[in-house]
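The values are calculated or read from the model by the stated rules, or taken from the named source; none is laboratory data. As the structure is a prediction and not an experimental result, all values here were calculated from the model. Neighbour counts are summed over all protein chains in view; Cβ atoms, including those assigned to glycine, are modelled from backbone coordinates with ideal geometry.
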Amino acid sequence: MDSDRWWKNTMIYQIYPRSYYDTTGNGIGDLVGIISKLDYIKEMGFETIWFSPFFDSPQADFGYDVSDYYQAAPEYGTQDDIFLLIEEVHKRNLKVVFDLVLNHTSDQHSWFLESRSGLDNPRRDWYIWRDGKGKKAPNNWKALPGGSGWHYDKTTDQWYYASFLPFQPDLNFRN
């Protein structure tokens with residue numbers, strides 16, 4: 001049972017990939033750069049590495065607007081680099097934590113683009129869509145930063161909900 005609570009007592013090292021270590025000379029940190037520093041992290045006594053978002057994203061919100069959960073953002077590396085990173089972390093008996101956003105996607109994610117392509121699209125209910133009240137939002141639901149969480153979409157003449165920013169539509173977990 002204690003092993004189920006490892007996260008309560010572990011020493012965590014957080015990495016924001018963009019600013020961590022650049023191996024390509026473009027001024028942006030990358031996954032290969034992180035791999036090259038794993039021994040250093042282990043030597044400092046850390047047991048877990050918490051990775052801030054590095055999945056493909058328009059980067060409008062520091063990677064918290066994921067456009068593809070299967071690919072690394074190209075500036076950070078490739079899908080193979082992700083697998084190699086995990087393998088190398090585990091070789092050092094370190095644990096991995098991904099800062100993975102699962103309540104919303106980018107409005108550039110293929111799921112959202114399909115969802116907004118038509119009212120009868122099979123992925124339509126993957127997001128929260130509602131008819132408005134005339135030119136007004138469906139209800140008074142707010143976004144966490146403030147203001148309405150509803151955003152009008154001309155393509156379908158409906159409103160979608162985003163609890164954070166307008167370019168981060170919420171996934172519908174009730175579908």
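When you look at residue 153, is it more than 30 Å from residue 36 (Cα to Cα) and of a type in the set (Asp, Glu), yes or no? Criteria met by residue 153.
In region 117-132, the condition of being of a type in the set (Val, Ile, Thr) and outside the structural domain of residue 56 (by TED's automatic domain parsing) is met by at least one residue. Only one of the numbered conditions (1) touching a strand residue (DSSP E or B) at 6+ places or on another chain (Cβ under 9 Å); (2) touching a residue at least 60 places away in the same chain (Cβ under 8 Å); (3) of a type in the set (Asp, Glu) is violated by residue 56, and that is (2). Residue count for region 79-126 under the criterion of being over 19 Å from residue 49 (Cα atoms) and either among the β-branched types (Val, Ile, Thr) or surrounded by 13 or more Cβ atoms within 10 Å (Cβ to Cβ) (or both): the result is 17. Scanning region 106-139 for residues that are under 21 Å from the mean Cα position of the chain (by Cα), over 14 Å from residue 175 (Cβ atoms) and among the hydroxyl-bearing types (Ser, Thr, Tyr) returns 106, 110. In region 45-52, is there at least one residue being under 22 Å from residue 108 (Cα atoms) and free of Cβ contacts under 8 Å to residues at least 60 places away in the same chain? Looking through region 45-52, at least one residue is under 22 Å from residue 108 (Cα atoms) and free of Cβ contacts under 8 Å to residues at least 60 places away in the same chain. Which of (1) touching a Lys or Arg at 6+ places or on another chain (Cβ under 7 Å); (2) under 21 Å from residue 165 (Cα atoms) is the odd one out, the single condition residue 68 does not satisfy? Of everything listed in (1) touching a Lys or Arg at 6+ places or on another chain (Cβ under 7 Å); (2) under 21 Å from residue 165 (Cα atoms), residue 68 misses just condition (1).
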